[in-house]
1. Give 735, 686, 712, 640 a once-over and let me know the one that is β-branched (Val, Ile, Thr), within 25 Å of residue 291 (Cα to Cα) and in the same structural domain as residue 556 (by the TED database).
2. Hey, can you tell me all the residues within region 86-109 that are at negative phi, out of contact with any strand residue (DSSP E or B) (no Cβ under 8 Å at 6 or more places or on another chain) and not aromatic (Phe, Trp, Tyr)?
3. Mind listing whichever residues of region 9-48 are of a type in the set (Gly, Ala, Ser) and modelled with pLDDT of 85 or more?
4. Given (1) touching a Leu at 6+ places or on another chain (Cβ under 8 Å); (2) at pLDDT 90 or above; (3) of a type in the set (A, V, I, L, M), identify the lone condition not met by residue 733.
5. Among 531, 510, 526, 556, which is the only one that is outside any loop (DSSP other than H, G, I, E, B) and more than 29 Å from residue 453 (Cβ to Cβ)?
6. Determine which member of the set 56, 79, 109 is modelled with pLDDT of 85 or more and either of a type in the set (A, V, I, L, M) or out of contact with any Lys or Arg (no Cβ under 6 Å at 6 or more places or on another chain) (or both).
7. If you check every pair at least six apart or on different chains, which have Cβ atoms under 6 Å apart with a residue in region 88-101 that is crowded, with 19+ Cβ neighbours inside 10 Å first and a residue that is of a type in the set (Gly, Ala, Ser) and assigned to a strand (DSSP E or B) second?
8. Among what's in region 153-178 and is outside any loop (DSSP other than H, G, I, E, B) and either surrounded by fewer than 16 Cβ atoms within 10 Å (Cβ to Cβ) or modelled with pLDDT of 90 or more (or both), pick the residue that is nearest to the chain's Cα centre (by Cα).
Amino acid sequence: MLVDRARVAAALPGYELGEQLGSGGFGLVLAASHRRMARDVAIKVLAGAGRVGDELAPGLGEDRAAAGIASEAVILANLDHPHIVRVYDYLEFDDLRLIVMEKLSGGPLSKHLNVLGGPRACAVGLAVASALTCAHGHGVLHRDIKPENMLFDAARLLKVADFGIAKLVTGPEAMASAVVGTPLFMAPEQLAAGRLSAATDLYSLGVVLHLLLSGGTVAAANGPAVVPPMVWQDHLAARRLLPEDVPAPVTAAVLRALAEDPAQRPISARELAMELAEAAASSYGSGWIARTGMVLYLDEAVRAVAERESPSPAPPPPAGSTSDASAVGASASDTPAPATAPPDLPGSDLPGLDLPARDTPVPGGPQTPRPGAARRKHRATAVPGKSGRDPNRRSLLIGLPAAAAVAAAGVGAAVAVNRARDSTPDEPVLRPLGAPLPGHTGWITSLVVFPDGRTLASGSSDGTVLLWDVSDPAHPQKVGVLPSRGEGVLSLALSTKGDLVSGHWDRKVRMWNVRDPENPTEIDLRLPAGRDRVTSVSFGDDPRILVCGGQYGEVRIWNVADPASPRRLGFFDAVQGTAGMVPSVADSRQGKITWARPTLAPYATFVVGYDGEAIQLWDLADLDAPSRIPRPLRGHSGEVHGFAFSRDGLVLASGGKDLDIRLWDLTNATDPKALGKPLTGHRSRVWALAFSSDRNRLVSGSWDRTIRLWDVENPAAPRLVARSATDHKDHLLAVAFAPGDRTVFSGCKGGEIRVWDVAGHSSGAAP
């Protein structure tokens, strides 16, 4: 299809157009990026009211083509579901019709058929059934369910797309006004232009599942508009069979969806999901969803069925994963009542905050997030949730602790209570791998493990960043040094393209190219110094967006696509609650909070911050104008120091002065909920937290000089798995999982970095 790109650019001046992603009878799809929000999108373009060259799109007149794309925009705008593609805008410009929607960079399901087995096929079925439950609930029939219209985003979240021929119905059934769709995926009644219902889409989904389970191809997916009756009957006969290695319960669920009579199919997409969930659980064993590596958002009943314990043995999970979803946590009665004890807090050697950083190392540094699965409802393997949110917004986790108030006040500024026994002789323990890593002379404030798992970056208050080869975790080797370019390093963040950013005590931010760890080079990042010391720096999934947080709550969001000429986007004060500005004098904020640690969360949907009274949520849908969400998260009694998001962004862990670690369900950001009882056991402030990549384990670091490993596969019933057998020499300030989740790194105030083997402590193994 020929479309003048200049006209599209004129219609959408706020976007920079990219390559063509696809074309067809509907028009074409272009990649684009919002100039100010740095958000990648796909733009669906229909020109000439549906003409492709000189021919009308098949089955569409000019008026119907124009109405079709407008209808698709309206439909998608009203279907807010994590497994349905998200639309951002629709406009008409001369004879152009344009839909701006999220870009799904993972490609269509049809490109992944060769790597899908039975469990993944069932996961696909649950995802699409969940999407159809939403669509049918809004009176929308898709009418073209097929692998090409199921696409993955960058985090392997499957989404249903292309509602261009969807039909709005007012009753349980509607007459097809024309035969539209892809014939080889059509239900018999659709092909015959008969009465359509939810069962029509379920039949098409059944065809997709049959294709996935039988190892077929989609070569004929875009076949002729008219299929000869004899050929069609052959297809029907073939769909009554599945390979013998497909478990009988799964076969039964799929074949029921393929019943020729709509009345014999499941009565709804939710019923199909329930049947498929039960079949998969009984066939593939406990933890089958986690082993697929896919992210699912299901309603609570479907999730419960999919995760139920199965008497049949499950295949062994891959290293680092878990298949036991039944582990429960210890009750509150297992923890002794609080008793007053000498505080395990900084001693008189702690200097004041206003001394130079080389003499005054102050803990800082964020949890560096990685791209993960998308958000909004709950992931099928763990989190109960009710409603969704836009999965393409950026989010920021802002921890605004007053931890450094202890340092400012000196000895006796705070008192900790002992809420746990020392470890018992039979309690599982974590063993360090080798000796501590030498090199730093100041506090270890931040640890970042590179995605390939071979390199570790450590930042210190001594002003340096060291790069380590940890491909053999038991024998790490120092391979690179980022020399001091200013006062102490307080935080590190690695972008997805391999740029390392460091935040410093002198209010500056520096950037390094570390793609070759043995030969790092500094990048000329001309970022203006802020009002506050840079206690955290964070990248999200977009390497152009950098978030910087200051000591007293200043948060600045930058587009650093051109490091020599960065553009400031959002600017707000997370403590005072003001967007677009911060107080002109930092001292006006010191009474409420002393040490802020902003952290950008996966996929950036909202902002979470501790403001001195509660944890607050902020929305970053518009990077230029962040806004606070009214409902706070309450539960901690004291400053909150440590935060971590699960990789999918649905669970938040927080810890602080009260020694507790709390888990929060953020599947619905407007209605966050506490998950289970607090995790207890540390004997001093909890400062550092990190989730494993599979979200089943959590590691915590405390000023009691220990780390603890927790099973959070079921976040409503977390439990302790193991604690460190060897204490650090001083307060824990940083922890990080290595990719693969077999190794944990930790750093402390004394300049010590340790490596821990956690491979033998899976979340499924009881202590």
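The values are calculated or read from the model by the stated rules, or taken from the named source; none is laboratory data. All values reported here derive from a predicted model rather than from experimental measurement. Glycine also receives a Cβ, built like all others from the backbone with ideal geometry; neighbour counts cover every protein chain displayed.
1. 712 is the lone residue from the list that is β-branched (Val, Ile, Thr), within 25 Å of residue 291 (Cα to Cα) and in the same structural domain as residue 556 (by the TED database).
2. Answer for region 86-109, where residues must be at negative phi, out of contact with any strand residue (DSSP E or B) (no Cβ under 8 Å at 6 or more places or on another chain) and not aromatic (Phe, Trp, Tyr): just 95.
3. Result: 9, 10, 11, 14, 18, 31, 32, 33, 42.
4. Single failed check for residue 733: (1).
5. Residue meeting the stated conditions: 556.
6. Only one candidate passes the filter, namely 109.
7. Partner pairs satisfying both residue conditions: 101/42.
8. Among those residues, the one meeting the criterion is 158.
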